[in-house]
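Readers should treat all values here as calculations from the given coordinates under stated rules, not as data from a laboratory. This structure is a prediction, so every number in the text was calculated from the model and none was measured. Cβ: placed from backbone, ideal geometry, glycine included. Neighbour counts: every protein chain shown.
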Amino acid sequence: GENVGLHLPTLSVQEGDNSIINCAYSNSASDYFIWYKQESGKGPQFIIDIRSNMDKRQGQRVTVLLNKTVKHLSLQIAATQPGDSAVYFCAENTYSGGSNYKLTFGKGTLLTVNP
Amino acid sequence: DTEVTQTPKHLVMGMTNKKSLKCEQHMGHRAMYWYKQKAKKPPELMFVYSYEKLSINESVPSRFSPECPNSSLLNLHLHALQPEDSALYLCASSPGQGARDEQFFGPGTRLTVL
């Protein structure tokens, strides 16, 4: 079936560096993508989203890039801080029948920020 | 109020026990979700309720029984679970179940089945 996956399961960076987390998706009909951050012992927290009619969206210290040609998403975190250490999941909202959609998560990348 | 709350935070139960997980939101959302998450894995969808009706059941075993008493509450009734059902159970809600409806997650209930 369709799936969303990640290239790098772990990423270790120095504090202050920029981080890039990548995600590949396979459903070319997907219209909406979300990045979630999950800290240890907590539920996923929304970071940023992007619609398929965009190729870039910026938030506070985060940027999401969407390349529909190669079905690739990336999350860029500027000036990474220790508080950014977490597992990051990409997710796509896939059609599930009627007028309903459901989230399909990628495998996740563990980001570790070294002080 | 922009939170999804879940109770209890932790639950330990035997295989013959019956227990329930509870989820609540007061954001006026009309879609609510149960996910199961094993360690170091992504959340896996179990059930979706839309406008208090079961919209999706991802072929979940009948020992898990969801219930949506009203638009703010979602329960997951547990009976005769197996040790492999031990996981973090996440609840989420969204305005609707549309293509661009953002899901808000609760902190989860850590379930251990002995």
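Along the Cα→Cβ direction, 7 angstrom out, place labels at B:Lys38 and B:Ala80. What is the inter-label distance in nm? Computed distance between label sites B:Lys38 and B:Ala80 equals 2.2 nm.
Note the full-extension length gain between A:Asn18 and A:Tyr95 as 0.36 nm times their separation in residues minus their Cα-Cα distance, in nm to one decimal. Intermediate results must be reported in sequence, preceding the final value.
Working: separation 77, 0.36 × 77 = 27.72 nm, distance 3.37 nm.
Contour length minus the Cα-Cα distance gives 24.3 nm.
Checking a compactness column here: for chain A, what do you get for Rg(Cα) / (2.2 N^0.38 Å), N being the number of residues? It is 1.04.
Partner lysines whose Cα lies under 18 Å from the Cα of A:Lys107, excluding those fewer than 8 positions away in the same chain, are identified as A:Lys37, A:Lys42, A:Lys71, B:Lys36, B:Lys38, B:Lys40, B:Lys41.
Net length available on complete extension from A:Thr10 to A:Gln81 is 23.9 nm, with 0.36 nm assigned per residue and the Cα-Cα distance removed.
Regarding the protein assembly as shown, what whole-number volume in Å³ per residue does the convex hull of its Cα atoms give?
Cα-based convex hull of the protein assembly as shown, divided per residue, equals 125 Å³.
When both bridge partners sit in chain B, DSSP labels roughly 90% of those beta bridges antiparallel.
Where a ≥ b ≥ c are the square roots of the eigenvalues of the C-alpha gyration tensor, would you call chain B rounded, which needs a/c under 1.5, or, failing that, prolate if a/b is larger than b/c, or oblate? Intermediate results must be reported in sequence, preceding the final value.
Numbers: a/c = 1.71, a/b = 1.66, b/c = 1.03.
Here chain B falls in the prolate category.
Working out 0.36 nm times the residue gap between A:Met54 and A:Ser74, then minus their Cα-Cα distance, what length gain in nm do you get to one decimal? Present the calculation step by step, with values, prior to reporting the outcome.
Details: separation 20, 0.36 × 20 = 7.20 nm, distance 1.32 nm.
So the chain would gain 5.9 nm between A:Met54 and A:Ser74.
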